[in-house]
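Take a look at the structure below.
What follows draws every value from the coordinates through simple rules; no lab data is involved. None of the values given here were measured: they were computed from a predicted structure. Here the Cβ is made from the backbone with ideal geometry for all residues, glycine too, and neighbour counts use every protein chain on show.
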Amino acid sequence: MKTRTLIGSVVVVALATLSLQGCAIVNGSGDDPNTLRVMMGADTTYPDQRKQWQRDTAAEFKRTTGADIQWETYSSGQEELTAIQTSVISGQGPDVYAIGTTFTPTAYATGAFVRMGEEQWDAIGGKDQFDPASFGISGPSASKQIGIPFASRPFVMAVNTDLLAQAGITEMPTTWDQLTADAKATTTGDRHGMAIAYADGFDPWKFIWGMSENAGNTIVDGSRAELDADAVQRAYRTYFDWVTKDGVVDEAAIGWNNAQALAQFTDGKAAFFPMTTTTAINSFTGTEVDGKYAFALLPTVPPGATSRPAGGIEAASILSGDNFVVADYGTKQDLSFEFIKQLSTKKAQLEYYDLFGNLPTNVDAAAQLAAENPQLKPIIDAGRLSKPTAFTGAWSDIQLALVDVVVQSIPSLKRGEVTDDQLRRRLQDAQRDAQATLDRQKNGGL
Amino acid sequence: MTTTQTKPSTRRPDGHQPVRPHGTTPLYKRERPLWMLLPGGLLMLAIIVVPLLVGFFIAMLDLDQYTLRQWFSAPFVGFANFTEAVTNSPLLHSIWISVSLAVLVTAVTVPIGVAAAISTQNRFRGRGLVRSVYLIPYVLPAFVVGTFFRTMLQPQGVVNSVLHTDVLWLNGSASYWALAGVMVWTSWPFVYLLSLAGLQAVDLEVHEAASLDGATWWIKLRDVVFPYLRGPLSLAVIIAILHNINNFTLPFVLFGIPLPSSVEVMPVLTYIASFQSFRFGLSAAMAICSLVIVAIPLFVYLRAVQLDTGDDAGPNRKQRRADRAVLAAPAAADVEGARA
């Protein structure tokens, strides 16, 4: 009997403990008014620096507000979305999210984040502390913004100055055709003109988007998709010809992601590495290109042209970086704004650049950085010439459709040719998918 | 989803059917304490039926990023999502890809798993080590396996180097075979484990009896060992097929998103509909359609192998086969002897 009682007691205690533990997991710090939950992307490139930065930021936050920070991380866009979905449905979760700029329209569409008004901007130290260009993808209009610019990562080209000098190239190409010509001039033996990542999940659509914008095609015009337009087809043709016809890209690149293209560049085997950003600077250190590289703006004149046509857009890069958004279901919005205020200051933004290579969105910090680092001028210029992707909740699907054209064309690239017919068919498919997504939009896509 | 129904055995310990007067209610139908099923029933209701009903409800909503927040009041669209899933999405193509991969992989892994189990059945020095090594593909996390193979299957990766080929494994039609190969590599130890469990159930006496009767190794294998493996292998085939159909991690890690069309498998397609296109209603409809389409052949298979017939079928049949094997062994041995 005693044994039975003992076992029964143990079971009851265990169940009670598990239940309490379960409650603790469900509630997390959500009910603790003195702990702010912040969700950011994991940093696999600088994990130690990230941890130290989080410790320092939390200590400073504790000192100024008396509150703690509970950091949560996501390692992929999908994980980021899952966390947001769960929070949106359940009405509980992180108080502040740092999200990618291209994800901001989707976050806006959920309606789960605080729309910034005068009071909210004041709470984070004022709207005018930020570079005006960085608001391009904070919301559908100036009065409907949810994204608070936190970090800027405009895309540029990295160039191997030695290889360019050997080929007698003294000026950076400003047109896509000139880039192709320069790449041809620098292709010799096992060295190629360009390092391109055809199998990357993101790079391809950025090339196509850039070339199309330069031609005046914004991919989405209101509620109409324009993926089957001539400008888009010409962009894909240029992008594919680099490896199939021009021979300026290593054939192996059809299976590469961005990191593999970066490796080719750092091995000194490629003259141009388009579609990179400041976060790659540390990757260049101690490699073949250390001290032999420079940054340059991506071309802004569309393929087949020597000057930008009427209506063409001087888009040097997508508006890329991170925005903070504050959950409107949370009860700690004041603390959330305090946190963002702390990280928006000139000092905090410069520290963040030093650690992770993300450019500041604070206008004073950006000015100081430009003055002290002349080599960053092209990147800062690219930030100024960045243009936002279409602000629609359908963008994610459209982006996927753009990449899918490349993914499904890879076997043809391998065979050495993507025919016009194949390309047209795939663009028609992509157009159909993109238009269907746009047609399903509600609230005008926002 | 499968259910296994068992009824109390009416067999006597000696294996003979009990003598029961005609016209009386069988023992297993009388005085059944059905209330004891209540906890299990409630659990099934909570973890299977309720989520299924919620999924079905979601499948009838136009639930996306715009309506996610008030998902309960999202526009009701009836069966529109189901219609779209079947007629205007790559669902059927993806089901074909998933099912064909699952059947192919299972067909390849079963003989490998059985052979591996048989190879470690008899004691030998280092058997424990070999058994442990066999389990490595099974215990490695799928995303680790996917990452390894993704590296090895690069155009200039180790696979092409070893084979002296120039195949594009991670895109185009070859990606189907690449995925099948990696799935085989990861899933054969499961068949091996179940086969091993089945082999453990073979009584030593049966082996001895067959040997005394002069049965050759092949006859013992075919008529003594395999009948014992029938149950575990049938189970292995079902679970392996289900597991392979639902394999998400390997294709996701190997190929990324968007997938090449030749490996556009069902779980990833559903995932894309949910987490890339934010069409939660459509993805729920896709999942339910897939469940129905996959469940039909599985049900037929379950009936065919009679895994759900409880005590009555398996052991009897197994016993009958084993008895027949023992009886047949001397004759077979005679034949073999005559040939020699």
Cut-off 16 Å, label 7 Å out along Cα→Cβ of A:Asp364, residues of the range A:125-141 by amide N: A:125-132
How much net charge surrounds A:Pro105 when only other residues with a Cβ under 12 Å from its Cβ are counted (Lys, Arg +1; Asp, Glu -1)? 0
Across the alpha-carbon set of chain A, Rg over Rh with Rh taken as the Kirkwood radius works out to 1.03
extent check for the range A:377-444: Cα max minus min per principal axis, descending, whole Å, gives 40, 39, 15
What nm value, rounded to one decimal, do you get for the distance between B:Val162 and A:Gln178 when each label is placed 7 Å out toward the C-beta? 4.9
When chain A is treated as a Gaussian network with springs between alpha carbons less than 10 Å apart, the largest mean-square fluctuation among A:Asp421, A:Asp433, A:Asp122 is found at A:Asp421
Determine the shielding of peptide A:406-416 by partner chains: average, over its residues, the number of Cβ atoms on other chains within 10 angstrom of each Cβ. 4
Expressed as a rounded percentage, what relative contact order does chain A have, with Cα pairs under 8 Å and six or more residues apart? 24
Let me see the P(r) profile for the protein assembly as shown: every Cα-Cα distance counted, bins of 10 Å, each bin given as a percent of all pairs. 2, 11, 18, 21, 19, 12, 8, 5, 3, 1, 0
With the cut-off at 1.5 for a/c, could you classify the range A:40-117 from its C-alpha gyration tensor as rounded, prolate or oblate? oblate
Taking Cα atoms, how many degrees apart are the long axis of helix A:47-65 and the longest axis of chain A, rounded to 10 and kept between 0 and 90? 50
What is the calculated FRET efficiency for A:Ile281 to A:Ala59, with r their C-beta to C-beta distance and R₀ = 22 Å, to the nearest 0.05? 0.20
Could you name the lysines whose alpha carbon sits less than 18 Å from that of A:Lys184, not counting residues in the same chain fewer than 8 places away? A:Lys245, A:Lys269
Within the set of other residues whose C-beta is less than 10 Å from the C-beta of A:Glu288, count the net charge using Lys and Arg as +1 and Asp and Glu as -1. -1
Considering only DSSP beta bridges with both partners in the protein assembly as shown, what is the antiparallel share in %, to the nearest 5? 60
Can you tell me which of A:Pro47, A:Pro94, A:Pro149 moves the most in a GNM of chain A? Springs connect C-alpha atoms under 10 Å apart. A:Pro47
Expressed in nanometres to one decimal, the distance between label points 7 Å along Cα→Cβ at A:Asp420 and A:Glu72 is 5.3
Under 16 Å from the 7 Å Cα→Cβ point of A:Asn34, by amide nitrogen: which residues of the range A:42-72? A:59-70
For an R0 of 25 angstrom, estimate the FRET efficiency from the Cβ-Cβ distance between A:Glu171 and A:Ala259 and round to the nearest 0.05. 0.30
Cross-link candidates for A:Lys442: which lysines have Cα within less than 21 Å, leaving aside residues fewer than 8 places away along the same chain? A:Lys144
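Residues with beta-carbon under 15 Å from that of A:Gly126, excluding A:Gly126: net charge, scoring Lys, Arg +1 and Asp, Glu -1?
With Lys, Arg at +1 and Asp, Glu at -1, the net is -4.
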For the pair A:Asp334 and B:Phe248, how long in nm is the line joining their label points, each one 7 Å along Cα→Cβ? 4.1
So, with +1 on the Cβ of K and R and -1 on the Cβ of D and E, and no other charges, what is the size of the charge dipole of the range A:327-405 about its Cα centre, to the nearest 20 debye? 220
Compute the FRET efficiency between B:Val103 and B:Phe124 as 1/(1 + (r/R0)^6), taking r as their Cβ-Cβ distance and R0 = 45 Å, and round to the nearest 0.05. 0.85
Dipole size in debye (nearest 20) for the protein assembly as shown around its Cα centre, Lys and Arg Cβ +1, Asp and Glu Cβ -1? 3260
Under 18 Å between alpha carbons, and skipping anything fewer than 8 positions from A:Lys346 in its own chain: which aspartates and glutamates qualify? A:Asp56, A:Glu60, A:Asp122, A:Asp128, A:Asp131, A:Asp322, A:Glu338, A:Asp354, A:Asp364, A:Glu372
Tell me which of A:Thr306, A:Ala296, A:Gln233 sits at the most positive position along the dipole axis of the range A:226-323, charges placed on C-beta atoms (Lys, Arg +1; Asp, Glu -1). A:Thr306
With 10 angstrom as the radius, rank A:Leu297, B:Leu163 by how many other C-beta atoms surround their C-beta, starting from the fewest. B:Leu163, A:Leu297
Just the number, please: percent antiparallel of the DSSP beta bridges in chain A, rounded to the nearest 5. 60
Given A:Lys51/A:Lys206; A:Lys51/A:Lys377; A:Lys62/A:Lys332, the pairs whose alpha carbons are separated by over 26 Å: A:Lys51/A:Lys206; A:Lys51/A:Lys377
